[in-house]
Amino acid sequence: KGVAKGLDHVGDRYYRRSLIKMLQFNGATVAIFVVAFGLSVAAYTGGWLGKSFMPVVASDFVRLRMKIPEGAPFRTMDSIIERVEGAVPELKQDVELFGEKGGDAYIKDMQTWGWRNNILVSLSLLTDGGHKVDSDAVVKRWRELVGPLPELEEITLDATINETGADISLRIYAPNDNEAILNDVTEKLEEALYSYAGVYDVRNSVATARSDIQLSLKPYAETLGLSLSDVARQVRQGFYGEEAQRIPRGNEDVRVMVRYPYAERNNVNQLEQVRIRTADFREIPLEAVAFVDYVPGYSSIKRENRKRSVKVSAYVKEGVAVPAEIVQNIMEEHLPKWRTEHHGVQVVLSDGMREEADFMKSMVRNFGIALLVIFGLMAVAFRSYWQPFLILTAVPFGFMGAVIGHLILGREISMMSFLGFFACAGVVVNDNLVLLDRINQLRQQGQSVFDSVVNAGRDRFRPIILTSVTTFVGLIPILSETSTQAQFLVPMVISLSFGVLFATTVTLVLVPSLFLLAERAKRFVKVKLFGMTVEAD
């Protein structure tokens, strides 16, 4: 009873009086809300908020994943591992990251894996006295200390439990799979990316060409009874070997291979000494019967949708530039020039950026359909086309609440944030429905427009406040949850809870002002345009 009386007291003494004053200056009231919504949009688009496709959940490990070109010697891998591991002692001395205690209090151990052409170096982080270091800042600082690694084909910074990928990811297609055009546009795209401030670690997926040895038969070699397969087979026997016999040993057979000594088969110059045996058992130098040419060869050729393509990726320093703006600038300024030089070349979004673009496109389409359905249902119920618009005004201001909530709690906006905003859109219209229904009831009872709006706001003040507050309070347990599993849901709950909370102000203040403005506009249209006589209200 005390709570109920308290809410009634606030509604009578404070809200009703304030609402009357704001309705007397309803133009200014609407303008204030429009400006507030504009500021929230500016905060979202202007880089005040972090953005990511998936929620960024910090991990207890930071990793550098690297890939070297196929066929690179082991000493290349060994050199890279040495540089990456050698930067850790300097990383531990960074006072900004670890404070006066140093990195030894936070970095537990280091583990390194190297297999085939892949390298993975991992640092495990500890929590000291309840304080945990920023894993993302640690891995980025570690990467800076390592320095340039031009030998790498690909590098990935990993500080989260979910792989986020590179900040920028683009894919290039050339007409007719033209390799020269692909390489030229790839080089120009890398130069364009490096021209933007904050861009680093630009990589492409072009496999480094290795030198392959190509044998082709000389015209007169066939007169000696030799074919190209004979020459190739004998060269293979010398370098790879020919199985002479198998010796049983336990459960296995040991193959005995006959081939050149290791020093000779490990030296490509040995080709000059190779002898090819003819059918009549003569031995002729290889260069006398075949041409030996060195040609570029690729260990792999990457295709997507049966088209040869090259992926170019890059990272962007946070707070220096926005990846989406860089990509948009490249598409508008650089891509037309490249298309002029190479007709038919395409540069499209790839990986995470493409998934994000597809999600946003689908999201806008489906959300628009949902709003149309909601509008249709309310138009039937209210027998009006403009009152449903008033009800839907709470939807954009739910987005404003979501942005403010993310700012307050210091979280980035992600896909889950938008899903929470969609849920919020379905919830915030309920309060507007209740308010407009009461306004219509009072008008049918003969009250004026102004009195109907004021009294309806007062009558519905308590249920509207209770609906919003109970929704917000019910979501607090998830907001305060610190477990790793809950971190994926927190952005969604932020959008829903703060959206509902801030939309309450829209229901109690903005909707009454808009209703009054709409009625005045209807009266003006009837009098000025149609010459109708309307009684003073």
Original post:
Does residue 273 satisfy the condition of being open to solvent by 50 Å² or more (accessible area, probe 1.4 Å), within 25 Å of residue 290 (Cα to Cα) and modelled with pLDDT under 90?
Top reply: yes
**OP:** Tell me which residues, restricted to the stretch 13-43, are in contact (Cβ under 8 Å) with a residue 60 or more places away in the chain and open to solvent by 70 Å² or more (accessible area, probe 1.4 Å).
**Re:** 16
Original post:
Just for the stretch 337-377: of the residues that are among the aromatic types (Phe, Trp, Tyr) and touching a residue at least 24 places away in the same chain (Cβ under 8 Å), which one is nearest to residue 427 (Cα to Cα)?
Top reply: 367
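Condition test on residue 247, is it in contact with a strand residue (DSSP E or B) (Cβ under 8 Å, 6 or more places away or on another chain), at pLDDT 90 or above and aliphatic (A, V, I, L, M)? Spell out how you get there, then give the answer.
Values: in contact with a strand residue (DSSP E or B) (Cβ under 8 Å, 6 or more places away or on another chain): yes; at pLDDT 90 or above: yes; aliphatic (A, V, I, L, M): yes.
Criteria met by residue 247.
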Subject >> Unmet criterion (only one of (1) open to solvent by less than 40 Å² (accessible area, probe 1.4 Å); (2) not in a helix (DSSP H, G or I)) for residue 481 >> reply: (1)
Original post:
So how many residues does the stretch 369-401 have that are over 24 Å from residue 494 (Cβ atoms), open to solvent by less than 50 Å² (accessible area, probe 1.4 Å) and outside any helix (DSSP H, G or I)?
Top reply: 1
Original post:
List the pairs whose first member sits in the stretch 446-463 and is touching a residue at least 40 places away in the same chain (Cβ under 8 Å) and open to solvent by 10 Å² or more (accessible area, probe 1.4 Å), whose second member is part of a loop (DSSP other than H, G, I, E, B) and not aliphatic (A, V, I, L, M), and whose Cβ atoms are under 8 Å apart, counting only residues at least 6 apart or on separate chains?
Top reply: 448/537; 450/537
Original post:
Scanning the stretch 330-368 for residues that are open to solvent by 40 Å² or more (accessible area, probe 1.4 Å) and among the β-branched types (Val, Ile, Thr), which turns out farthest from residue 180 (Cα to Cα)?
Top reply: 364
**OP:** Could you tell me which numbered condition residue 30 fails, if it satisfies all but one of (1) more than 20 Å from residue 515 (Cα to Cα); (2) part of a helix (DSSP H, G or I); (3) in contact with a helix residue (DSSP H, G or I) (Cβ under 7 Å, 6 or more places away or on another chain)?
**Re:** (1)
Subject >> Check on residue 518, hydrophobic (A, V, I, L, M, F, W, C), in contact with a Phe, Trp or Tyr (Cβ under 7 Å, 6 or more places away or on another chain) and either in a loop (DSSP other than H, G, I, E, B) or at pLDDT below 85 (or both) >> reply: yes
**OP:** Scan the helices (runs of 4 or more DSSP H) fully inside the stretch 156-266 and keep the ones with 1 or more residues being farther than 30 Å from residue 328 by Cα and among the aliphatic types (A, V, I, L, M).
**Re:** 228-239, 262-265
Subject >> Count - residues of the stretch 282-311 that are at pLDDT below 85, out of contact with any Ser or Thr (no Cβ under 9 Å at 6 or more places or on another chain) and either over 30 Å from residue 344 (Cα atoms) or not β-branched (Val, Ile, Thr) (or both) >> reply: 5
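Residues 2, 46: which one is within 30 Å of residue 318 (Cα to Cα) and loosely packed, with under 11 Cβ neighbours inside 10 Å? Spell out the reasoning first.
Numbers: 2 fails: within 30 Å of residue 318 (Cα to Cα).
Exactly one of 2, 46 is within 30 Å of residue 318 (Cα to Cα) and loosely packed, with under 11 Cβ neighbours inside 10 Å, namely 46.
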Original post:
Here are some residues: 182, 123. Which one is at pLDDT 85 or above, within 20 Å of residue 349 (Cβ to Cβ) and crowded, with 19+ Cβ neighbours inside 10 Å?
Top reply: 182
Original post:
Where residues in the stretch 350-368 are part of a helix (DSSP H, G or I) and among the polar types (S, T, N, Q), which of them is farthest from the chain's Cα centre (by Cα)?
Top reply: 366
**OP:** Confirm whether residue 413 is of a type in the set (A, V, I, L, M) and at pLDDT below 85.
**Re:** yes
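Kindly establish whether residue 216 is among the hydroxyl-bearing types (Ser, Thr, Tyr), more than 52 Å from the chain's Cα centre (by Cα) and at pLDDT 85 or above. Walk me through it before giving the result.
Values: among the hydroxyl-bearing types (Ser, Thr, Tyr): yes; more than 52 Å from the chain's Cα centre (by Cα): no; at pLDDT 85 or above: yes.
Answer is no for this residue.
Does residue 35 qualify as being β-branched (Val, Ile, Thr) and more than 19 Å from residue 453 (Cβ to Cβ)? Full working, then the answer.
Working: β-branched (Val, Ile, Thr): yes; more than 19 Å from residue 453 (Cβ to Cβ): yes.
Yes: the conditions hold for residue 35.
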Original post:
Which condition number does residue 73 fail, the rest of (1) open to solvent by 30 Å² or more (accessible area, probe 1.4 Å); (2) touching a residue at least 12 places away in the same chain (Cβ under 8 Å) being met?
Top reply: (2)
Original post:
Any idea which of (1) in a helix (DSSP H, G or I); (2) closer than 26 Å to residue 490 by Cα is the one residue 411 doesn't satisfy?
Top reply: (1)
**OP:** Looking only at the stretch 76-117, count how many residues are assigned to a helix (DSSP H, G or I), out of contact with any Asp or Glu (no Cβ under 8 Å at 6 or more places or on another chain) and open to solvent by 60 Å² or more (accessible area, probe 1.4 Å).
**Re:** 10
Subject >> Candidate set from the stretch 403-416 (those that are touching a strand residue (DSSP E or B) at 6+ places or on another chain (Cβ under 8 Å) and not charged (D, E, K, R)); member that is surrounded by the fewest Cβ atoms within 10 Å (Cβ to Cβ) >> reply: 413
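The values are calculated or read from the model by the stated rules, or taken from the named source; none is laboratory data. Quick caveat: nothing in here was measured; it's all calculated off a predicted structure. With ideal geometry, Cβ positions are generated from the backbone for all residues, glycine too; neighbour counts draw on all protein chains shown. Side chains included, ligands, DNA and RNA excluded: accessible areas come from the protein's heavy atoms. Shrake-Rupley method; radii C 1.70, N 1.55, O 1.52, S 1.80 Å.
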